[in-house]
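These notes concern the structure reproduced below.
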Amino acid sequence: MSEEAGKFPPRALLLITTECPHCDSLLASATTLVKDGSIGILEVINVQLHPERASELQVRSVPWMRIGPFGLEGNRSLGELRKWCDKAANAQGMTEYFNELLMTGKLHEVENLIEDDERHIEVIAELAADPKTNIHVRVGIAALLESLQGSGVAHNIVHELGAILQATDARLRSDAAHFLALTESAEAIPYLEQCLRDEVPQVREIAAEALAELQAKLLGKRRQV
């Protein structure tokens, strides 16, 4: 079991500079978390001396801190850091992290996380199925699935997205139909055909458009072979 999975406190990485006005505060909070056992290992790097680390992590401003798998920009309170330490110890933490990234438009960071571990695509299905997921996050999900087209990664959540078509919320069913078209998977076709019989006209309309879009993409792929 990994440290991020909860057996051990998470590792943390903190990037600072000498002149940074907020770095001292974040460093003090991080040290407190090490002392009380919320963080197991803390690595602190002055990126003025080692700019290559900031480049590797694509960090443009400091302070910046990574707790487990979560990259956090800017100054954060001790309480907020402690919450991210707790999230690193449970599976729900990644869902909350993706939600924050998509809410703030950090699509590229989500793409990188999924590229590093394709299993993270399952988080996208969880967010799509949650009626409390914000509209901005739902727009981000669509953008993410579009960016992943051609990779085949979204094939892994076709059945999870298809299951959303059983939701009582018509908005969720509409979104799921749209998302299914973006998976570029033939396995999505039966779900969309089922959705053509939805009781809500708007859902049927979106499903019809999604089905036509998906079939056109699949036909185009076959012609390229």
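Things to note:
- Given the choices (i) 60, 38, 33; (ii) 69, 33, 32; (iii) 63, 37, 36, Cα extents along the principal axes in Å derived from the coordinates of this structure is entry (i).
- A simple spin-label model places the labels of HIS22 and SER55 2.5 nm from each other, with each point 7 Å out along Cα-to-Cβ.
- The chain, relative contact order [Cα under 8 Å, separation at least 6], %: 13 percent
- Within the shell defined by Cβ-Cβ distances under 13 Å, the residues around GLU184 carry a net charge of 0, with Lys and Arg each +1 and Asp and Glu each -1.
- Sequentially through the range 42-59, phi angles give Karplus couplings (6.51, -1.76, 1.60; θ = phi - 60°) of 10, 10, 10, 10, 8, 6, 5, 8, 10, x, 5, 5, 5, 5, 4, 8, 6, 9 Hz, Gly and Pro residues having no value and appearing as x.
- The range 1-86: GluC sites (Glu not before Pro) in DSSP loop, at most 10 other beta carbons within 10 Å: GLU19
- Neighbour counts of C-beta atoms inside 10 Å place ARG53, ARG222 in the sequence ARG222, ARG53, starting with the fewest.
- Of all beta bridges that DSSP places with both ends in the chain, some 55 percent have antiparallel geometry.
- Amide proton proximity set for PHE70, modelled H, under 5 Å, gap of 5+: none
- From least to most packed, judged by other beta carbons within 10 angstrom and beginning with the fewest, HIS120, HIS155 follow the order HIS155, HIS120.
- The chain: DSSP helices with Cα axial extent of at least 15 Å and average Kyte-Doolittle hydropathy no lower than -1.0: 23-35, 92-103, 135-147, 170-182, 201-224
- Between the range 25-54 and the range 150-225, the alpha-carbon center distance in angstrom: 45 Å
- Cysteines without a disulfide-compatible neighbour (Cβ-Cβ under 4.7 Å), the chain: CYS85, CYS195
- Considering only the range 3-87, percent of DSSP beta bridges that pair antiparallel, nearest 5: 55 percent
- Kirkwood radius and radius of gyration were both taken over the C-alpha atoms of the range 3-87, and their ratio Rg/Rh is 0.95.
Read-outs throughout are calculated quantities, based only on the coordinates presented, and are distinct from any laboratory measurement. Since this is a predicted model, take the numbers as computed values, not measurements. Neighbour counts run over all protein chains shown; Cβ positions are idealised from the backbone, glycine included.
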